[in-house]
Amino acid sequence: MKYDTVIGLEVHCELKTQTKCFCGCKNNFGDEPNSNCCPVCLGFPGALPVLNKKAVEYAVIAGLAFNCSINNESVFERKNYFYPDLSKAYQISQLEKPLCVNGYVEINVDGKPKKIRLNRIHLEEDAGKLIHDGIGGTVVDYNRGGVPLIEIVTEPDISSAEEAVAFLEALKNTIAYTGISDVKMEEGSLRCDVNLSVKPSDSVVLGTRTEMKNLNSFKAVYRAINYEQKRQIEEIEDGHKIVQETLRWDDNIGESKSMRSKEDSQDYRYFPDPDLLPVYISNEQIESLKNSIPKLPSELKQIYLGYGLSDYDASLLVESKAISDYFNEVLSYVNEPKIVANFIINEVLRKLKECNENKMKAQELSELVTLVAKKEISATAGKQVFEKMWETGKSANVLVEELGLKQVNNDDELLSYVVAAIQNNPQSVADYKSGKLSAIGFLVGQVMKASKGKANPQKVNEMLKAELEK
Ligand SMILES: [Zn+2]
């Protein structure tokens, strides 16, 4: 039988505010355990939370970046549960009236564009962190408790592991552009839960879903989805029922394990937090936040397409904010988008795969681009100079002199190479004259070789044609 997989994601993203969501404690990863805590974030009796305005603004920015409607009024609720990483025994979250609703994220898998709808984005606080020492003991660090978090909840629009990863990549990249989070999965600032069910393709009834918690790499998400869809199909084919439950994915052994039966929202006894007033945001405030958002990848891509770049190249450049910022900076020195894009995509990105640090300052690259654009050196020589610049840190102009790469544009000198190429290659000349026009390519190659790559190929081409047609 054929099955469809139905996936919804819940993505938690920590916001990069200076302080926590409801107190003045520092929001800083990696500090001494339990050094950033106070009676409010630890939930001492009588301590009162004060909402961090920046956290609300960041959550609204996320909503706007993902095409959500922003609710003018939203409410904080208490989600009650006991767990050792939650000293208050409740988490301040949002259920009935979240800040943002009804957005979408566009993805593209195998050239097929698809909109993944968002149900909501709400603001809540993070819990502390349990650290298992590996010999049976567990300690807890409450520094993370109270750190502002947005939860991004999709509709069940995702139908494969590939789509889930494409969604997460698009989400992560756009958030990085807005600057509201550092989206470091390895530090836990972006985490993902997967809700998954399968159903026979011809059925309209959704299957029973399971939830896999806290996946913290794209690879883990990909593997967990493939594992879980296979497991559920096998259970169904064996005549078993899928149990609604929460699973923990173990990326080391590549299996999921049952944690507990899945809770519904009523199990958490949500109620409005009596210590916090509803949040009101005016349309003017929303508009002003909208105007504060830097250009997002989708917008930048349109601009780059307008420069005449291919879809592929434009997409590559907006895959990272660092790269598109760099591209824009080089363009501020030299307005040659295509040449700059070629250097970044073919040379800089290649180098960055070997070492993480970009050694080529934007202005330095712009000098090299200028030499290529003015045809003072050939494109091939440009690559050679780039390599040396990266290695030695010398400027493009100095290296062109040192390596003797200045392109030959002198007509007399070029003509001598052209005449020699024609004399030494009678077969190619005969081919050309009998109508095999591509034979000229070989002759151009001979001139380039004789000039040690310094001849201007375009000019050589023209001169050869003129000579051959004499
Ligand atoms: Zn605190």
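The values are calculated or read from the model by the stated rules, or taken from the named source; none is laboratory data. None of these values were measured; they are calculated from a predicted model. Glycine gets a Cβ as well: all are built from the backbone with ideal geometry, and neighbour counts include every protein chain shown. Quick note on the areas: whole protein, heavy atoms, side chains included, nothing else; ligands and nucleic acids left out. Shrake-Rupley method; radii C 1.70, N 1.55, O 1.52, S 1.80 Å.
General observations
- Surface composition of segment 295-403: carbon and sulfur atoms hold 48% of the protein heavy-atom accessible area at a 1.4 Å probe.
- Amide H contacts of Asp126 (H built 1.01 Å from N, under 5 Å, at least 5 apart or other chain): Gly146, Val147, Leu149
- FRET efficiency for the pair Asn356 and Gln427, taken as 1/(1 + (r/R0)^6) with r the Cβ-Cβ distance and R0 = 56 Å, rounds to 0.65.
- Solvent-accessible surface of the chain, averaged per residue with a 1.4 angstrom probe and all protein chains in place: 51 square angstrom.
- Cα-based convex hull volume of segment 295-403 per residue, rounded to whole Å³: 93
- When the pairs Lys359/Lys388; Lys374/Lys454; Lys219/Lys295 are compared against a 18 Å limit on Cα-Cα distance, Lys219/Lys295 fall above it.
- For the chain, a Kirkwood hydrodynamic radius built from all Cα pairs, placed in the Stokes-Einstein relation at 20 °C and 1.002 mPa s, yields a translational diffusion coefficient of 81 µm²/s.
- Each peptide in 142-152, 228-238 receives the mean, over its residues, of other Cβ atoms within 10 Å, and ordering these scores from highest gives 142-152, 228-238.
- Length gained on full extension, Ser201 to Glu319: 39.0 nm, using 0.36 nm per residue less the C-alpha separation.
- Of all aspartates and glutamates in the structure, those lying under 15 Å Cα to Cα from Lys26, and not within fewer than 8 positions of it along the same chain, are Glu14, Glu125, Asp126, Asp141.
- The simple spin-label model puts a point 7 Å past each Cα toward its Cβ; for Asn397 and Met1 those points are separated by 7.5 nm.
- Residue-averaged 222 nm ellipticity for the chain, from DSSP H runs of 4+ at -39500 (n - 2.57), nearest 500: -12000 deg cm²/dmol
- Pairs with C-alpha atoms separated by more than 28 Å, drawn from the list Lys112/Lys230; Lys353/Lys449; Lys290/Lys321; Lys184/Lys230; Lys53/Lys129; Lys16/Lys88, are Lys353/Lys449; Lys184/Lys230.
- Each residue of segment 3-15 was assigned a 3J(HN,Hα) from its phi angle through the Karplus expression (A = 6.51, B = -1.76, C = 1.60, θ = phi - 60°), giving 10, 9, 9, 10, 10, x, 10, 10, 10, 9, 9, 6, 8 Hz with x at Gly and Pro.
- Rounded to the nearest 0.05, the FRET efficiency derived from the C-beta distance between Asn67 and Lys374 at R0 = 51 Å is 0.70.
- Taking the centroid of alpha carbons for each part, segment 419-470 and segment 127-195 are 60 Å apart.
- Rg ratio (alpha-carbon, reference 2.2 N^0.38 Å) - segment 411-468: 0.99
- Two-decimal Rg/Rh across segment 196-265, once Rg and the Kirkwood Rh are taken from alpha-carbon atoms: 0.97
- Local electrostatic count at Val429 - Lys and Arg +1, Asp and Glu -1, tallied over other residues with Cβ under 14 Å: +1
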